[in-house]
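Report on the structure given below.
The values are calculated or read from the model by the stated rules, or taken from the named source; none is laboratory data. Nothing here was measured: the structure is a model prediction, and the numbers come from that model. Reconstructed Cβ throughout: ideal geometry from the backbone, glycine too, with neighbour counts over all protein chains shown. All accessible areas refer to the heavy atoms of the entire protein, side chains included, with ligands and DNA or RNA removed. Shrake-Rupley method; radii C 1.70, N 1.55, O 1.52, S 1.80 Å.
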Amino acid sequence: MRDVIHSYKYTNIKPLGDRVLVKIKTAEEKTDGGILVPTIAQTKPQGGEVVATGEGKTVRKNKGDINVKIGTQIVYSKYAGTKLEFSGSKHLILKDDDIVVQVTEIEEKTAGALLLTKVTKKKPSIGTILMAAFPTDEGDSFSSSTHRGDYDVFLSFRGEDTRHGFTGYLYQALCDEGFKTFIDNKDLQKGEEISAELIKAIKSSMISIIIFSQNYAFSTWCLEELTKIVECKKNGQKVLPVYYKVDPSEVRKQEGSFGLALTTHEKKFENNIEKVLRWRIALYEAASLSGWHYEDGFPEYQFIQGIIRVVSSTKLNRTKLFVAKYPVGVDSRAEVIENLLDIKSNEVRVVGIHGLGGIGKTTIAKAVYNRVADQFEGSSFLMNIRENSRTNCSIIKLQEQLLSEILGSKEFKVHSTSRGINVIKERLSCKKIFLILDDVDKLGQIENFLFGKCDWLANGSRVIITTRDKHVLTTLGNDPLIYKVVQLDRHEALQLFSMHAFNKNEPEANYLQLTNQFICYANGLPLALQIIGSDLRGRSICEWESELEKYKNIPNNEIQNILKVSFEGLDKNEQDIFLDIACFFQGMSKNYVVDILAACNLYPNSGISKLIDKCLISAGFDNLWMHDLLQQMGKDIVQQESNVPGNRTRLWCYDDALEVLTENTGSDKIRGIMLSFHKPITVTLAPKAFKRMRNLKFLIVDNVHICEELKYLPNGLRFLQLPNYPFPLSSNFCPQKLVTLEMPHSRIQLEKLFKQFGEFWRSRYEYELILPGSEIPKWFNHQSVGNSISFWVGRDCNYLKFYYCVVLEPKWHDTVHISLKFNGIKFINLIPYRFKRITDMTCNHVWFLKLYESPIDSKDLDQFEWNLVEVEFGAAVSHTLRCGVHAECICPLVQDLSTDTLPPTPIPAFPICSISNTVTPSPHLLNSCLELSNSNSMETTYTDSDSPSEGSHDDGCDSSLSLCTSPMGTN
């Protein structure tokens with residue numbers, strides 16, 4: 001009759017997929033198997049009867065069956081499912097996976113064929129464990145990071161079975177090997193609950209060894225120990241079962257003495273049957289682990305040695321790594337990495353840590369390893385991969401180490417790197433692992449351990465890669481999350497330095513000023529703070545002062561050797577770029593430096609990107625920067641080239657540069673000179689000091705007034721900064737490759753400059769010039785009063801570029817930006833990176849600017865027959881008096897129309913017309929370049945009179961002209 005009613009009530013209900021409908025049992029209701037389910041806190045499992053089931057989950061067109069049938073009594077996990085109520089009863093919609101166990105009615109035997117007594121027939125038994133869910137009391141935390149470390153091994157055993165035999169021998173062997181082992185020496189265990197001391201010992205042990213013996217399950221004390229051990233396993237504790245003269249399947253299936261013991265407990269705890277249920281689940285989970293089976297006849301000593309080897313390997317792999325003597329700032333950075341790892345996620349995740357050498361990448365990785373390694377089935381930390389991957393033999397050793405640490409065996413041998421890669425993939429693909437590859441500098445080094453895109457790793461696996469080169473991470477196929485380690489802030493730096501120098505968090509009062517100077521010198525680099533602080537510990541103030549001066553001039557070898565690793569990994573071009581920036585271009589505009597170094601054939605666009613990836617330089621606000629210790633390292637590398645300054649490649653020290661230039665001891669090895677003094681000074685240089693410097697590319701003079709004319713300058717100069725030079729440039733100076741000429745307050749005639757530097761004007765490089773004057777040269781084919789101008793260009797111009805010019809008042813104190821619109825669309829809105837204000841101006845100045853790249857694509861010109869160009873020169877405070885644009889286009893049929901006049905104009909202005917307050921050009925000007933190509937009027941010649949003469953000046957300016965190009969790009 002019950003079955004008929006059941007079918008009637010639930011015939012029209014069909015759960016979807018792998019869901020089941022469960023009728024919830026009330027507090028007083030018993031299951032058919034006799035389980036009393038009281039109304040208790042939700043931390044306990046809930047029970048009920050399955051009244052309807054879905055058809056099962058479909059995976060890849062294959063439909064899986066539901067694990068339970070209608071009418072089955074089940075226990076489900078806490079908070080599972082969706083509650084609903086109908087027909088006066090409470091129900092729950094569950095997924096199949098939410099079911100913890102199903103309970104079957106008992107006749108004569110359990111599912112494991114154990115014969116039961118009449119008394120135990122009335123009680124339920126576990127039929128099939130569907131999921132090893134484990135109920136725990138809330139607040140009973142077993143955090144691996146809180147208590148772990150008091151003991152290496154915890155022994156769980158039944159005293160009357162093995163205390164004075166096998167367990168006693170195992171305990172002694174563990175102690176002899178140096179393992180701190182906990183054993184309960186109390187022969188008489190009173191009460192049903194284990195003591196708080198025992199629980200603490202379990203929690204604080206790295207490994208638990210469970211010795212299952214004939215009478216183990218009859219002890220409620222042992223079963224409570226087992227329950228706590230299985231809970232700790234979920235927090236990373238290693239659990240090793242030993243089956244001493246019992247069959248492992250008997251434990252797992254709860255047959256034989258184990259089944260009999262549990263049915264006895266069910267009778268004893270009939271009012272607390274859920275306690276027995278927890279014991280059953282704990283037994284099942286523990287018996288499902290890999291362990292040892294001891295049978296009579298096998299030598300116990302030999303058997304115990306096998307256990308000792310596994311314990312030894314496990315402890316070695318689980319021993320916490322030493323992080324740092326004073327891990328200041330490490331925890332906060334490790335937390336960031338831990339958040340990126342997102343351990344709770346089931347996906348495979350790769351996290352990269354990159355940064356400057358000595359910044360703390362490895363230290364942070366060690367801290368993360370200690371925090372999370374226990375949450376994986378296996379873990380390995382492979383240190384110094386770069387250093388240990390120089391030969392195939394060393395790579396093979398690392399592969400064997402990886403396999404040994406994760407699989408817990410010392411017997412792995414691979415005979416080639418390629419075979420090692422396959423063995424790693426085959427043996428580790430089914431394990432949730434945590435792997436750290438430390439100090440990687442090439443992608444191939446990663447591929448020796450992680451084949452392909454890491455998609456073969458088991459779900460939940462994590463990989464951390466530390467490197468100085470960001471490019472190594474970005475070339476990985478699975479888009480790793482990348483964390484750049486930042487320098488210590490001042491508070492952290494002070495604390496770390498003080499701990500090493502004074503063994504406390506803050507410096508002594510009389511050392512505070514010197515401490516701040518050393519912290520400034522180290523600039524947040526933990527390695528430097530540690531080395532310097534330790535070196536100064538216990539020394540007097542006088543010694544500190546001496547060491548400070550020494551550090552400023554002679555770098556510490558230990559620090560430099562760490563930093564130099566990245567430099568030595570560069571090719572020759574990249575090393576030259578690094579040294580040029582360190583010696584001359586620190587703090588300058590990136591684009592500015594790129595132009596100069598490109599003229600030296602150093603391919604700076606790719607080279608600078610590589611230096612940034614390797615953390616040797618950084619680009620902040622478009623300027624190039626490097627750590628002070630890296631700059632000092634670069635300069636030290638140059639100084640080590642020769643004891644004779646004239647035989648070095650770069651001179652930046654005032655004394656060295658002055659010696660070479662006054663004594664004429666230079667050589668063709670010199671590629672750059674900086675003659676700079678902290679205050680204005682007048683010097684006399686040898687007139688032909690640069691005669692032997694045929695490879696000189698950079699000449700930078702600052703705060704130095706040269707009082708005698710230089711008779712020679714190398715024609716290979718790319719960058720010439722020579723302010724306040726009172727003489728004309730040498731007549732034989734023909735700088736064909738000059739990129740930047742900066743000569744403010746110098747006496748140079750404009751027309752002579754144009755004639756002498758004709759090739760410079762025709763050069764493909766950008767440049768800027770500033771010189772006194774109030775007139776825009778006549779060769780600018782579009783001129784206007786004010787700060788804006790507009791004109792038309794025809795569609796036949798295949799290439800279009802512009803020269804810009806503005807006249808500025810002496811009270812100008814701002815940066816000018818250029819806005820260019822093409823048919824109403826803004827193409828350019830920039831602040832020229834070379835441009836800076838020239839101080840102490842007493843008259844109007846003319847500013848010239850040439851842009852290298854065309855802002856307008858030729859395909860944009862083809863859309864209309866005529867196109868409107870609008871240019872505006874703006875500033876926060878406008879002091880622009882006049883502006884002009886020279887628009888230059890080249891048509892294939894009129895390329896030969898260029899003249900030798902300086903500056904060159906390949907075609908005249910006629911096809912490009914100026915407009916004023918109108919968007920419609922005059923009809924007679926709307927002609928294409930092709931229509932005018934045969935007209936004689938297109939031949940335009942400029943004379944010297946078209947350029948401003950020496951006498952064109954105002955506001956009391958000297959008749960000599962002051963010329964400068966864009967300076968350094970600094971703020």
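Plugging the Kirkwood radius over Cα pairs into Stokes-Einstein for region 490-554, at a temperature of 20 °C and a viscosity of 1.002 mPa s, what D comes out in µm²/s? Walk me through the numbers on the way to the answer.
Values: Rh = 11.3 Å.
Result for D is 189 µm²/s.
Compute the distance from the alpha-carbon center of region 375-393 to that of region 270-324, in whole Å.
Centre-to-centre distance over Cα atoms comes out at 28 Å.
Which of SER389, GLY355, TYR483 sits closest to the plus end of the dipole of region 320-484, meaning its Cα is farthest towards the positive end, when Lys and Arg get +1 and Asp and Glu get -1 on the C-beta?
The residue sitting farthest along the positive end of the dipole is SER389.
Which sequence of SER461, SER642 reflects their accessible areas, 1.4 Å probe, from the largest down? List each step's numbers first, then the result.
Numbers: SER461 0, SER642 25 Å².
The ordering from most to least exposed comes out as SER642, SER461.
Just name one of ASN647, GLN631, CYS615: the one whose Cα is farthest towards the positive end of the charge dipole of region 612-654 (beta-carbon charges, Lys/Arg +1, Asp/Glu -1).
It is ASN647.
What Rg and what Dmax come out for region 320-484 when only alpha-carbon atoms are used, in angstroms?
Cα-based Rg and Dmax for region 320-484 come out at 14.7, 43 Å.
Got a number for the accessible area of TRP279? Probe 1.4 Å, square angstrom, nearest 10.
Solvent-accessible area, nearest 10 Å²: 0 Å².
Report the charge-dipole magnitude of region 490-554 in Debye, nearest 20, computed about the Cα centre from +1 at each Lys and Arg Cβ and -1 at each Asp and Glu Cβ.
Magnitude of the dipole: close to 100 debye.
How much of the accessible area of region 151-315, in percent, comes from carbon and sulfur atoms when a 1.4 Å probe is used?
Values: 3210 of 6920 Å².
On region 151-315, the fraction of accessible area on carbon and sulfur atoms equals 46 percent.
Rank these by accessible area, largest first, 1.4 Å probe: LEU289, LEU84.
Details: LEU289 45, LEU84 65 Å².
Accessible-area ranking of LEU289, LEU84, largest first: LEU84, LEU289.
Taking the mean number of other Cβ atoms within 10 Å as a proxy for protection, how do you rank 433-442, 623-632, 295-304, 242-251 from highest to lowest?
On the way: 433-442: 22.8, 623-632: 21.2, 295-304: 10.7, 242-251: 19.5.
Result, highest mean Cβ count within 10 Å first: 433-442, 623-632, 242-251, 295-304.
Using all alpha carbons of region 598-644, what is the percent of pairwise distances in each 5 Å bin, ordered from the shortest bin to the longest?
Here the calculated profile for region 598-644 is 5, 18, 19, 23, 22, 9, 3, 1.
Per residue, how much accessible area does region 561-737 show when a 1.4 Å probe rolls over the protein heavy atoms, in square angstrom? Could the numbers behind the result be given before it?
Working: 7050 Å² over 177 residues.
So region 561-737 comes to 40 Å² accessible per residue, rounded to a whole number.
Kindly flag which residue pairs out of LYS268/LYS315; LYS234/LYS504; LYS550/LYS691; LYS200/LYS344; LYS442/LYS550; LYS320/LYS442 have an alpha-carbon separation exceeding 31 Å in this structure. Please list the in-between numbers first.
Numbers: LYS268/LYS315 40 Å; LYS234/LYS504 39 Å; LYS550/LYS691 36 Å; LYS200/LYS344 26 Å; LYS442/LYS550 36 Å; LYS320/LYS442 28 Å.
Going by Cα-Cα distance, LYS268/LYS315; LYS234/LYS504; LYS550/LYS691; LYS442/LYS550 fall outside the 31 Å limit.
If ligands, DNA and RNA are left out, what is the accessible area of LEU722 with a 1.4 Å probe, given in Å² to the nearest 10?
Approximately 0 Å² for this residue.
When the solvent-accessible surface of protein heavy atoms is calculated with a 1.4 angstrom probe, in what order do PHE727, PHE212 fall, highest first?
Values: PHE727 50, PHE212 0 Å².
Most to least solvent-accessible, the answer reads PHE727, PHE212.
Please compare each pair in LYS635/LYS688; LYS180/LYS267; LYS552/LYS590; LYS95/LYS425 to a cut-off of 30 Å on the Cα-Cα distance and tell me which ones are over it.
Working: LYS635/LYS688 27 Å; LYS180/LYS267 39 Å; LYS552/LYS590 27 Å; LYS95/LYS425 34 Å.
With Cα atoms farther than 30 Å apart: LYS180/LYS267; LYS95/LYS425.
Let me spell out the model: positive unit charges on the Cβ of Lys and Arg, negative unit charges on the Cβ of Asp and Glu, origin at the Cα centre of region 320-484. What dipole size does that give, in debye rounded to 20? Intermediate values should be presented prior to the final figure.
Values: 24 positive and 19 negative charges, 50 e Å.
Dipole magnitude for region 320-484 comes out near 240 debye.
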